[in-house]
Every structure is written in structure tokens, then in C-alpha cells.
Amino acid sequence: MLAVDIAIVGGAMAGATLALALEQLCKSSGASLSVALIEARAPGDEHPGFDARAIAVAEGSIEELKRLGVWRHLSRLGTPITDIHVSDRGHFGMTELNSSAFGLPYLGQVVELEAVGKALFDAIAKTSIQLLCPDSLVGMEAGQDAHTLLLESGKRLTAKLVVAADGLGSAVRSHFNLPLEQVDFDQDAVIANVVTRQPHDHWAWERFTDTGPLALLPMAPINGESRLSLVWALPPEQAQTLQDCDEQRFVNQLQQAFGNRAGVFVGAGNRQRYPLKLSWMPRPIHHRCVFVGNAAQTLHPIAGQGFNLGLRDIVDLTRVLRLALSENSQADVGDIRILHRYLALREHDRRETLLAIESLVRGFSNQYWPLVAGRSLGLRLLSWCPPLKAPLASRAMGWRRGIRLTSTL
Ligand SMILES: Cc1cc2nc3c(=O)[nH]c(=O)nc-3n(C[C@H](O)[C@H](O)[C@H](O)COP(=O)(O)OP(=O)(O)OC[C@H]3O[C@@H](n4cnc5c(N)ncnc54)[C@H](O)[C@@H]3O)c2cc1C
């Protein structure tokens, strides 16, 4: 039976990033950790985590990915966002965030997850990580000093620490019957790649409409065509209609909802739909287990913070492991004191981000006139008074408590 220090269950954005971060930790600190990564699907095989989605990775997250030794595998895939325009359709509120105002080359970068998955798995194949893919966790036997993991292939392995990066429906969470809190916003997101007549010039747009928020992110052009990645949150029936209708009708509806600020939309690729819920584990640790990424919390994509927050789980987990191993190179990585340190580090950031996202979704999905007036005024104030933008920008850029992180990793 295979015996490892750390078994990561789930190898999408969170799990694959963590695997590479642990490899870098060992290289840079001289620590010796054996790591296994268990992932149900190989990239490219209708992968649920590395699908047609494009996501915005904030500037602060890119700095963290560089420190973790992961960004070098992804940098060629990124399309920079230099400016963000936020507006409220049908009302006078609007504001802009510009990278030049912060002395930065960009506010974030957009990456397409399918390509990211391939790049991360190519990098993992060159490491000492035991990659068990395609294979799935189907059972666990809890132990005092290590857990035993049972895989679909019939393989068994023991791990001192199990990191659950297995998404919203986490098999590890189900196994231990741990609580998950949920808020259902009664919205679905329709995503598609949209072709525009004008170049995007690295702008991103977020527009709050009567039905829900709509975001457009700049993507790399294909065959000279300017492309934007669309996330459009709508009530489920409307989302279904928009997913099913023909391309021309979809493009017309989008133009009508968004307006002309990003130019004329001339086409749209395949449309996909995701139900939107806010889910979180009140306590993302258990005996010899840590939950990270979507397994610990799944956000509404309104502010593009899901992976950015999940990445901070990984940064903090790597940080507590590094500290423990620097104090004692033989440290038990599943020790409850390490897990409690992790929990304490994550508490503030998780609570603040979850609260901010919930208020944003509720505040901007509401047509009650005092709220509409308040948010229009808020957006106007931001555009008239640039210093007020700092807290908004620091969240958008993935900085913690308004400052760029200087991690000790
Ligand atoms: C429309 C949309 C737009 C988004 N935009 C942004 C954005 O702009 N910026 C941002 O930061 N975030 C964004 N997000 C969020 C971001 O995509 C997610 O937070 C991130 O991809 C989650 O990655 P994960 O690895 O934590 O989980 P998941 O992607 O859910 O991966 C879980 C993995 O575990 C595997 N797995 C599950 N069960 C098992 C098992 N039993 N055994 C083995 N493997 C298993 C699955 O195959 C899967 O690969 C967006 C999300 C959506 C839906």
C-alpha cells in the first residue's frame, strides 16, 4: 500500500496549484514531503474544473502564484486586464479602475481554464508528485496517525494529512458528514465567448442589470478576432432560454442588456450554464483533513473572487506547513496544532470575502429604489473621489486588508 505524507483529493485549480506549491516548498526549504494527487478526470476529458471557463486572476494572486513557483507555467496563457469599468444599467452610477492609477502594469490577467489544466498537469508530470489520474476517492478509513484512502481503481493509500480540493460536492466532506452552509441566489450564470467588432484594448466590464450582473473579460484574439469572456447571471428560466436560443438572438439580447460600451457584438461560441449559490464550511478542517478552494467555499462569480480566495487557502496552508517543518523537519503534517494555525489564519479573510460577495449580490440584484439610488450614488462617488477606490481596488486585485502581500514563502 502506498504511504504518503499528504494526499490531495481533487486536481483542478486548487489541488493542482497546491501540488506544485508543495513541490516548490520542498525544493526551497530542503524539506522532504511525499505528496499524492488524486484526480477523477484527465485535463481535456470533459473536465469539470478545467472547462471552457475563462477566469480573472487578480494582480495580488499572480504575485502569490509567482512566489509559489506556479505562474511560470501559466504566464504565456494570460491576457492582461489594464482597466475595469463598473456600471449600473439604466441608472447614472459608474466608475473605473485603471492600472496606471496604481502604478501597475495590469489589474489582473484572464486565463482559460482548459489550457491552464494542461499546463499545470504537464508541470506536475515533471515532479516527484504521485499523480493518480484518472482515479477517484470512493471511501476512507479514519485512523489516529493517518487516514486510509480507497480509490475507484482498487488502490489504497495512507496519508498523514488529507487535503480536500474536491470541489462543492466534496467526497471527503461527505465521508465525515461535515456541515456546509448555503445561500441560494436563485440565479444561474450563462457563460460564452463573445466576438466583438472592436478590439477590447484590455478593458474588462462589469454591468449590473435589472436581471443580474454581467461581466465581460478580455481574452486573447483568435484569427485576428477580438474575444470577450461573458459571465451573465440571470434568473434560472431566463438563463435556460438564453442557453437554448439561436446565436443571433443571443447576441441581440446581450447587446440590449449590456449596451454599446464594449462595441458591437458579432458572434458567440458555445453557451454553458452554472447554478449560482454561495456555499461555505463554517470550519474547513477536521481530524487530519484540510478543505481548500471550492470544497471549503464556493462563491458567486459576480466579483471574480472564487479562485483568488481559494488560492489564499493554499498560500496559508503552505505557509503553516513551511513553518512547522522549519521548526521540526520531522513534524507530523497532520498535527492538530498545524490545522488550528491554518484555521486561525483563514478566518478573517474568508469571513470578510463571503460577506462582501453576499452584500454585493443582494445589493446589485435589487430594484428597491432607495437601494438603486444608493448604489448609483456609491459608484458615482467612487468615480469623483479616486481615494475611495482603494478598498474596492484592493479587493479586486486580491490584496489582503488593502496592502499587497509580502509572503514569507
Ligand atoms: C462562471 C464562473 C466564472 C468564474 N470566474 C472567476 C474569476 O473571474 N476569478 C476567480 O478567481 N474565480 C472565478 N470563478 C471561480 C473559479 O472558477 C473556481 O473557484 C475554481 O475553478 C475552483 O477550483 P477548485 O479546484 O477549488 O474546485 P473544482 O473546480 O470544483 O475542482 C474539483 C476537482 O475535484 C475533482 N474531484 C471531485 N471529486 C473527486 C473524487 N471523489 N476523487 C477525485 N477527484 C475528485 C473534480 O474532478 C475536479 O477536478 C468562476 C466560476 C464560475 C462558475
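The values are calculated or read from the model by the stated rules, or taken from the named source; none is laboratory data. Every value quoted in this text rests on a predicted model; they were computed, and no experiment measured them. As a convention, Cβ positions derive from the backbone with ideal geometry for all residues, glycine included, and neighbour counts pool all protein chains shown. The protein model used for the area step is the full one, side chains on, heavy atoms only, and it has no ligands, DNA or RNA in it. Shrake-Rupley method; radii C 1.70, N 1.55, O 1.52, S 1.80 Å.
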Only unsatisfied item for THR318, checking (1) at pLDDT 95 or above; (2) within 17 Å of ARG283 (Cα to Cα); (3) among the polar types (S, T, N, Q), is (2)
Residue pairs qualifying under the 6 Å Cβ cut-off, at least six apart or on distinct chains, with the first in the range 45-61 being β-branched (Val, Ile, Thr) and the second being more than 10 Å from the ligand (Cβ to nearest atom), are VAL57/GLN109
Residues in the range 286-303 that are open to solvent by less than 10 Å² (accessible area, probe 1.4 Å) and more than 21 Å from ALA356 (Cβ to Cβ) total 2
Can you find a residue that is touching a Pro at 6+ places or on another chain (Cβ under 9 Å) and surrounded by 21 or more Cβ atoms within 10 Å (Cβ to Cβ) anywhere in the range 129-136?
no
Considering the range 313-337, residues that are assigned to a helix (DSSP H, G or I) and without any contact (Cβ under 8 Å) to a residue 24 or more places away in the chain, and then whichever is nearest to GLY60 (Cα to Cα), we arrive at LEU323
When (1) without any contact (Cβ under 8 Å) to a residue 40 or more places away in the chain; (2) crowded, with 16+ Cβ neighbours inside 10 Å; (3) among the hydrophobic types (A, V, I, L, M, F, W, C); (4) more than 11 Å from the ligand (Cβ to nearest atom) are applied to MET140, the one that fails is (4)
If you check LYS160 against the conditions, is it open to solvent by 40 Å² or more (accessible area, probe 1.4 Å), closer than 17 Å to ILE6 by Cβ and of a type outside the set (A, V, I, L, M, F, W, C)?
-> yes
*asked:* Residue under question is SER174, and the condition is that it be within 16 Å of the ligand (Cβ to nearest atom), touching a Pro at 6+ places or on another chain (Cβ under 9 Å) and at negative phi; does it hold?
replied: no
Heads up, the strands (runs of 3 or more DSSP E) in the range 212-281 (entirely inside) with at least 2 residues that are of a type in the set (A, V, I, L, M, F, W, C) and either exposed (fewer than 13 other Cβ atoms within 10 Å of the Cβ) or in contact with a Lys or Arg (Cβ under 7 Å, 6 or more places away or on another chain) (or both) are 213-222
The condition from (1) more than 16 Å from the ligand (Cβ to nearest atom); (2) surrounded by fewer than 19 Cβ atoms within 10 Å (Cβ to Cβ); (3) under 30 Å from ARG76 (Cα atoms) that ASP145 misses is numbered (3)
Scanning the range 196-207 for residues that are in a strand (DSSP E or B) and open to solvent by 30 Å² or more (accessible area, probe 1.4 Å), the one modelled with the highest pLDDT turns out to be TRP203
Considering the range 173-187, residues that are outside any strand (DSSP E or B) and in contact (Cβ under 8 Å) with a residue 40 or more places away in the chain, and then whichever is surrounded by the fewest Cβ atoms within 10 Å (Cβ to Cβ), we arrive at PRO179
Residue set ALA257, ALA296; condition farther than 17 Å from LEU214 by Cβ and of a type in the set (A, V, I, L, M); output residue ALA296
Taking the range 317-363 and keeping residues within 17 Å of VAL35 (Cα to Cα) and not hydrophobic (A, V, I, L, M, F, W, C) leaves THR318, ARG319, ARG322, SER329, GLN330, ASP332, GLY334, ASP335
- Query: Is it the case that some residue within the range 289-312 is out of contact with any helix residue (DSSP H, G or I) (no Cβ under 7 Å at 6 or more places or on another chain), touching a residue at least 40 places away in the same chain (Cβ under 8 Å) and farther than 24 Å from LEU113 by Cα?
  - Reply: no
Within the range 107-128, restricting to residues that are away from the ligand (no atom under 14 Å from the Cβ) and of a type outside the set (A, V, I, L, M), the one that is most open to solvent (accessible area, probe 1.4 Å) is LYS126
Is it fair to say VAL190 is open to solvent by less than 10 Å² (accessible area, probe 1.4 Å) and farther than 30 Å from MET281 by Cβ?
no
